[in-house]
Amino acid sequence: MNSTDSSQLDDFDDDFDAAFRARVKKDGGVTGVKLKVAKKAADSATRGISKSIKSSLFPGGVTLDGLLSNSQWSLTVGFLALVVVLAVFAQLSSPEPFETSSTGEQLGFGLR
């Protein structure tokens, strides 16, 4: 390699470094670039999980030849998931279980 080739490579490296630094600055610095990479990774993971769920719910594909259309089926499954989440939340957030008498008094069965 002669000195002309070496100087051209150095110029190329300098141009590349300058362009890279300008792009990083344009994208919000190092933190901005890291956030973009994290967002792309999260989006990719979300698409993969969504695809996995769809393939397990609809093994033969997404088309359904039944009583519900695809959007109606998705709404039904979503409503079911909402009911389950609300039931679990209600169970976890409720105070100690108690019974009430016909007069409204709390009965503490099993408590001493």
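Here Thr100 clears all of (1) surrounded by 10 or more Cβ atoms within 10 Å (Cβ to Cβ); (2) touching a Leu at 6+ places or on another chain (Cβ under 9 Å); (3) at pLDDT below 80 except the condition numbered (1).
Only residues that are exposed (fewer than 11 other Cβ atoms within 10 Å of the Cβ) and in a helix (DSSP H, G or I) were counted in segment 30-59, giving 19.
The values are calculated or read from the model by the stated rules, or taken from the named source; none is laboratory data. Source: prediction; values computed, not measured. For neighbour counting, all protein chains shown are included, and Cβ atoms are generated from backbone atoms with ideal geometry for every residue, glycine included.
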